[in-house]
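Only one structure is covered here, and it is reproduced in the block below.
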Amino acid sequence: MTKTIKVVKWLVLAILALLALSILFYTYLVWSFDTENFPDNHGNVDTELFVGDGNNQPLLVGLGGAEGGNAWASNYWAAQRDEFISQGYAFLALGYFGAENTPLELDRIALEGVYNAILQAAENPAVNAQCIALIGGSKGAELALLLASEYPDIKAVVAMAPGSAVFAALTMAMNTPSFSLNGEPLPFVPVPMSATPALLQGDLRGAWVEMMKNEEAMAAAAIPVENINGPIFFVSAARDEFWPSTEMSQSMQQRLEDNNFPHHVEHLATEDDHASVLNHFDEVETFLRNHFLDASAPASCSTRG
């Protein structure tokens, strides 16, 4: 019995020692992380433009999420990409981190770098530069809403499983914002110590719930969606295991209503998980056809003209 107690004591001490070492290591990571200088390739993005036949094609820009790379340029998304092109759109696949010659991590991504790449693509003779819409998923939806709130020549946004504020960078330190503007990091919602247990367990939603309890930070980092110059379509997931996308979509809807937003707004809340929003491109196509091409954008956006 005494021997068993000693073994248990040593196990407890070993666990406490490992925990202490983990905390020290993480503290070192945070302390040593370079928050003063932007990451390598700051402002660079990876793009691939797909165009169909004819001229005056409205431009859709596809922004992936936390997976990084240029998801919309991959074979996985070729069928949906081709479907958009068959409907008269040009399609710009844009990777903003984790691709060649872009920042390695989703850390202080430059909004102006993404925007300038979109404008460059819009110079293609087949593209109608007056008719640009963004489609973003997850962190890409956060980016899409930020871009459209800053640049009025973006005329519509499809935000799939979106966040409603600027959150921390996806780095080990998590002590910088995901996005920056004109050389300045944007205000962001920090990761509190209270989120640590959820992060250690892989409970991302639980970690975000803890972050969102900081009402002051949420208000300071909130995306000013009321500045968007066109219709918005939120597609969220009620059982989102990544973050509370339905609740955040609802909060943005309320913000738009409170600010007398003049454009069309829709919110489709699915009853499934984070990835379920990707099963609703039929609704996305309908939204774009009815509210981007024909109603909320200039008449020249119509693919039937």
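Just a few scattered comments:
- A single member of 136, 88 is of a type outside the set (Asp, Glu) and either in contact with a helix residue (DSSP H, G or I) (Cβ under 7 Å, 6 or more places away or on another chain) or outside the structural domain of residue 52 (by TED's automatic domain parsing) (or both), and it is 136.
- Residues of the range 103-127 that turn out to be more than 17 Å from residue 146 (Cβ to Cβ) and not small (Gly, Ala, Ser), as a count: 7
- Residue within the range 145-158 that is among the hydroxyl-bearing types (Ser, Thr, Tyr), over 24 Å from residue 234 (Cβ atoms) and outside any helix (DSSP H, G or I) present: no
- Where residue 198 falls short, out of the listed (1) out of contact with any Asp or Glu (no Cβ under 9 Å at 6 or more places or on another chain); (2) aliphatic (A, V, I, L, M); (3) not in a loop (DSSP other than H, G, I, E, B): (1)
- The residue that is farthest from residue 123 (Cα to Cα), among those in the range 13-64 that are among the aromatic types (Phe, Trp, Tyr) and at pLDDT below 90, is 25.
- Residues that are crowded, with 21+ Cβ neighbours inside 10 Å and closer than 22 Å to residue 289 by Cα are absent from the range 185-196.
- When 121, 110 are screened for being touching a His at 6+ places or on another chain (Cβ under 7 Å) and not basic (Lys, Arg), only 110 passes.
- Residue 100 being free of Cβ contacts under 8 Å to residues at least 12 places away in the same chain, out of contact with any Phe, Trp or Tyr (no Cβ under 8 Å at 6 or more places or on another chain) and either crowded, with 21+ Cβ neighbours inside 10 Å or over 26 Å from residue 240 (Cα atoms) (or both): no
- Filtered residue count, the range 126-168, keeping only those that are more than 17 Å from residue 274 (Cα to Cα) and among the basic types (Lys, Arg): 1
- Listed by first and then second residue, the pairs linking a residue in the range 237-248 that is free of Cβ contacts under 8 Å to residues at least 40 places away in the same chain to a residue that is of a type in the set (A, V, I, L, M) and part of a loop (DSSP other than H, G, I, E, B), with Cβ atoms under 6 Å apart and 6 or more places separating them unless they lie on different chains, are 246/238.
- Looking only at residues in the range 52-78 that are within 18 Å of residue 288 (Cα to Cα) and small (Gly, Ala, Ser), the one that is surrounded by the most Cβ atoms within 10 Å (Cβ to Cβ) is 62.
- So residue 231, is it of a type outside the set (Lys, Arg), touching a strand residue (DSSP E or B) at 6+ places or on another chain (Cβ under 9 Å) and at pLDDT below 95: no
- Test: residue in the range 66-77 that is out of contact with any Leu (no Cβ under 6 Å at 6 or more places or on another chain), hydroxyl-bearing (Ser, Thr, Tyr) and part of a loop (DSSP other than H, G, I, E, B): yes
- Residue 162 vs. criteria under 17 Å from the mean Cα position of the chain (by Cα) and not in a helix (DSSP H, G or I): yes
- Odd one out for residue 91 among (1) in contact (Cβ under 8 Å) with a residue 60 or more places away in the chain; (2) in a strand (DSSP E or B): (1)
- Residue within the range 116-130 that is assigned to a strand (DSSP E or B), closer than 26 Å to residue 269 by Cβ and in contact (Cβ under 8 Å) with a residue 24 or more places away in the chain present: no
- Residue 246 being within 26 Å of residue 77 (Cβ to Cβ) and more than 17 Å from the chain's Cα centre (by Cα): no
- Residue 141 vs. criteria crowded, with 24+ Cβ neighbours inside 10 Å and part of a helix (DSSP H, G or I): yes
- Sole residue being touching a residue at least 60 places away in the same chain (Cβ under 8 Å) and within 18 Å of residue 142 (Cβ to Cβ), chosen from 185, 231, 190: 185
The values are calculated or read from the model by the stated rules, or taken from the named source; none is laboratory data. Here the structure is a predicted model, which is why all the values come from computation and not from measurement. Here the Cβ is made from the backbone with ideal geometry for all residues, glycine too, and neighbour counts use every protein chain on show.
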